[in-house]
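The values are calculated or read from the model by the stated rules, or taken from the named source; none is laboratory data. It should be emphasised that the depicted structure is a prediction, and the values quoted were computed from it without experimental measurement. All Cβ positions, even for glycine, are placed from backbone atoms using ideal geometry, and neighbour counts span all protein chains on display. The area values use the complete protein model at the heavy-atom level, side chains included, leaving out ligands, DNA and RNA. Shrake-Rupley method; radii C 1.70, N 1.55, O 1.52, S 1.80 Å.
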Amino acid sequence: MDDQRELQPIVVCRDVHKWYGNFEALKGISMEVKLTEVVVIFGPSGSGKSTFIRTINRLEEHQQGDIIVDGIELGHDVRDIEKIRMETGMVFQQFNLFPHLSVMQNIILAPMRVRKWSKDKSEEIAMQLLERVGIPEQAYKYPAQLSGGQQQRVAMARALAMQPKVMLFDEPTSALDPEMIKEVLDVMVELAESGMTMLVVTHEMGFARGVADRMFFFDEGLIVESGTPKQIFNDPQEDRTKLFLSQILQH
Amino acid sequence: MSVSKITSRPPAPPGLRTWMRENLFNNWYNSLLTIISIIFIVILTGVVLRWIFVDADWRPVIQSPLLYLIGQYPRDMLWRIGLVLVLISFLIGVSWGVWGGLISSFAITMGTLMAVFALIPFQVAELTFSLRGVMLFNVVLIYLGFILGRKVSISGRNLAIAWFLASVIIIFVLLPGFAGSEIMPKVPSTLWGGLLVTLILAVGGILLSFPIGVALAFGRRSSLPVVKGFCIAFIESIRGVPLVTILFMFSLILQVFLPTGSRFDRLLRALVAVTIFSAAYTAENVRGGLAAVPPGQTEAGKAVGMSSLQINMFIVLPQALKAVIPAIVGQFISLFKDTTLVIILGINELLGMGRAIINSNAEFVQLQFEVYMFIALIFWIFSYAMSHTSRQLETALGVGER
Ligand SMILES: Nc1ncnc2c1ncn2[C@@H]1O[C@H](COP(=O)(O)OP(=O)(O)OP(=O)(O)O)[C@@H](O)[C@H]1O
Ligand SMILES: [Mg+2]
């Protein structure tokens, strides 16, 4: 039973192409992510990592190929798009918290307006999530009153409050001061261990080594190499992968 | 180590003498400036007070204060104005209790004005005993409403509905009345005047133009070319023309296009003109605010599955409005003052009433200055209340400012 569930693909991308004007940012990306899998995407700047992860919840529109999330094909129907977005949480590099709302209001906004859950239920879920990310005492502060690490954990709680099936992360620790990176990664590790399906763009190789099931190396809009962390770190096949890994593992 | 314990207390606030030495007399030229300013202020105050209480002749104001307030509204129908006031006072009081600080300056301004009106310490023929009584009753009513709003929990939405119902009753029933009715005969708007008309135009213009302006601002960002084109054309053509011209055009165009005989109420015409004028400016202000909201905010809203409408309502618009409150309030204050221009449509709002009063009596022509000072004071009080509220609103919304 359990094995079958794990084999079920939740995100399917087939030959996805994306152009910005004449510039081809994605040149045919194919990827299948199964339930509870943790996938790390890495690669040099400008290789299309953000573009790719943002096509999955249609923050960017792809022009060719198929993207299927939770059995729904990403087309032009607004209802399909909104349904997919309900099932995919996203955490941004710049947090993107709503500055005019308190932490609590940030978290309960979508559960109340989109899921139509009651205020009580939403607040209860929000409080549980704030406990989970370790900042229940900040519930009634405003984003500007929190540190970067705390803001990013609120952003995770906000995404999780919709009880999504997949979580997308776009360099969640890149905008943080070094001493705050760990508190955010700890939450992500806990989330991965709890069985959440995750697609993570990151250069935190410790995180990848620890919890990733598979890794994808992007360069110039293509997947150059993929494999388990063991394969990628110990036995990379492509020169570009080797070069890139040697560069980022130096420090 | 123990020393740091002692100094860790914040320093005591300085006494008055220290403050004066530091702020007013900290060097010789500042001391000189301070002294010159004090002398200037004392002399000016003396001159002004002397003029107000000795030299000025307030007869054109005192003789018929009701003209300034309500124009020619039939005096035997005064009870209707009284009822309007009672409704508004009560609701303002309740709103103050429920919404707190923001309404307070309006409630207090209104209460003070009516108290002054009721307690003017000399004989004014028009200010009958019962009129003063009603005014005083209204002051009490504001306070009672305030207590009620505090004690009883009334939701903001219900209060907004109450305001809406009250304005419908006031605008469609109490003020105009019904043709042929015995108790509440029709009072044509040509008889309305003074502050009543100024306030109807200003409040009506503000309340109507705000949603229209917001809609135009969004329309201008629309991806639909027709909507976008219409909004740009509307905004730019209105903004390119002075209000006086719009008022003129309205009175002429409507006369030409409406079938003869169907008289489109003059006051309504003015209200429409003022509204579209103000809407165009609101749209431009709001557009600036919308542009200032970072795209990441919209993306975050999309990422949790919100619809565009929800994103605009709950995420983008609140942040945009917060950024442009000072500009919008400033614009509403100009709108309030610009209502004086409706004189050209033959509507006697407050300023027009003043001129009419001056021209009505050869003696008063000498006393124009007093009349204009009185009118300026009324305009100033309302404008000041508005800008004060705006500053409070900014502080209230400033919580969690980046
Ligand atoms: N809105 C856009 N318009 C035009 N070109 C864009 C746009 N967004 C991204 N690009 C281009 O697409 C390419 C891929 O960008 P993307 O942001 O996906 O890279 P990335 O792998 O996330 O890089 P980084 O590590 O710097 O975040 C880049 O060459 C970038 O210049
Ligand atoms: Mg990126």
Within a 10 angstrom radius of each residue's Cβ in A:140-146, how many Cβ atoms of other chains show up on average? Whole number is fine. 2
When only alpha-carbon atoms are used, what values of Rg and Dmax, in angstrom, describe region B:197-356? 18.1, 62
Cut-off 10 angstrom, C-alpha nodes, Gaussian network model of chain B. Which of B:Gly145, B:Gly305, B:Gly15 fluctuates the most? B:Gly15
Probe 1.4 Å, heavy atoms of protein chains only: per residue, the accessible area of region A:130-171 in Å² is 32 Å²
For region B:366-379, 3J(HN,Hα) per residue [Karplus equation, 6.51 cos²θ - 1.76 cosθ + 1.60, θ = phi - 60°, Hz, x = Gly/Pro]: 5, 10, 3, 4, 4, 4, 5, 4, 4, 5, 4, 4, 4, 4
Chain B, relative contact order in percent, only Cα pairs under 8 angstrom and at least six apart counted: 20 percent
Å² of accessible area per residue within region B:197-356, as computed with a 1.4 Å probe and no ligands counted: 44 Å²
Amide hydrogen neighbours beyond the local backbone of A:Phe218, cut-off 5 Å, H modeled: A:Phe42, A:Gly43, A:Val224
Calculate the length of the line joining the C-alpha centroid of region B:195-239 to that of region A:178-235, in whole Å. 51 Å
Interface B:A - total buried accessible surface [probe 1.4 Å, Å², rounded to 100]: 2000 Å²
Selected from A:Gly71, B:Ala323, A:Ile84, residue furthest toward positive end of dipole (the protein assembly as shown; charges at beta carbon): B:Ala323
Quick one: Karplus J couplings for region B:327-333, per residue in order, coefficients 6.51, -1.76, 1.60, θ = phi - 60°, nearest Hz, x for Gly and Pro? 5, 5, 5, x, 5, 5, 5
As a test, work out the antiparallel percent of DSSP beta bridges whose residues both lie in chain A, rounded to the nearest 5. 55 percent
Any idea what the relative contact order of region B:197-356 is, in percent, if you count C-alpha pairs under 8 Å spaced at least 6 apart? 34 percent
Packing-wise, with mean Cβ within 10 Å as the measure, how do B:207-218, A:173-184 rank, highest first? B:207-218, A:173-184
Which ³J(HN,Hα) values, rounded to whole Hz and listed in residue order, are derived for region A:213-219 from phi using the Karplus coefficients 6.51, -1.76 and 1.60 in 6.51 cos²θ - 1.76 cosθ + 1.60 with θ = phi - 60°, glycine and proline given as x? 8, 9, 10, 10, 9, 9, 8
Can you list residues from other chains, or at least 5 along the same chain, whose modelled amide H is less than 5 Å from the amide H of A:Met90? A:Leu168
Student exercise, region B:197-356 dipole from Lys, Arg, Asp, Glu Cβ charges, in Debye to nearest 20: 80 debye
Given the DSSP H assignment, sum -39500 (n - 2.57) over each helix run of at least 4 residues in chain B and divide by its residue total; what's the result at 222 nm in deg cm²/dmol, nearest 500? -23500 deg cm²/dmol
Restricting the count to DSSP beta bridges whose residues both fall in the protein assembly as shown, what percent are antiparallel, rounded to a multiple of 5? 55 percent
Would you tell me the mean number of C-beta atoms belonging to other protein chains that fall within 10 Å of each C-beta in A:92-98, as a whole number? 5
If amide hydrogens are placed 1.01 Å from N in the peptide plane, which non-local residues have theirs closer than 5 Å to the one on A:Gly28? A:Val16, A:His17, A:Lys18
Round to a whole number: what % of the accessible area of region B:151-207 belongs to carbon and sulfur, probe 1.4 Å? 75 percent
Which residue fluctuates the most in chain B, going by a Gaussian network model with Cα springs under 10 Å, if the choices are B:Gly289, B:Gly240, B:Gly82? B:Gly240
Treating only Lys and Arg (+1) and Asp and Glu (-1) as charged, each at its beta carbon, one finds that the protein assembly as shown has a dipole about its Cα centre, in Debye to the nearest 20, of 2180 debye
Alpha-carbon centroids, region A:1-75 and region B:93-109: separation in whole Å: 54 Å
Quick one: with all protein chains in place, what share of the accessible area of chain A is carbon or sulfur, to the nearest percent (1.4 Å probe)? 46 percent
Which shape class, rounded, prolate or oblate, goes with region B:1-141 when its Cα gyration tensor gives a ≥ b ≥ c as root eigenvalues, a/c under 1.5 marks rounded, and past that a/b bigger than b/c marks prolate? oblate
Lys and Arg at +1, Asp and Glu at -1: neighbours of B:Leu367 with Cβ under 15 Å from its Cβ sum to -2
Using only the Cα atoms, work out Rg/Rh for chain B, with Rh taken as the Kirkwood radius, to two decimals. 1.03
Select from region B:319-341 all residues whose loss of accessible area on going from the chain by itself to the full protein assembly reaches 30 Å² or more (probe 1.4 Å). B:Gln319
Roughly how many Å is it from the Cα centre of region B:283-311 to that of region B:326-340, as a whole number? 27 Å
In region B:267-309, which residues become less accessible by 10 Å² or more once every protein chain is in place, relative to the chain on its own, using a 1.4 Å probe? B:Gly296, B:Gln297, B:Glu299, B:Ala300, B:Lys302, B:Ala303, B:Val304, B:Gly305, B:Met306, B:Ser307
Please check: in the Gaussian network model of chain A (C-alpha springs, under 10 Å), which one of A:Leu168, A:Leu59, A:Leu130 has the largest mean-square fluctuation. A:Leu59
Hey, got the average number of other protein chain Cβ atoms within 10 angstrom for residues in A:108-115? 4
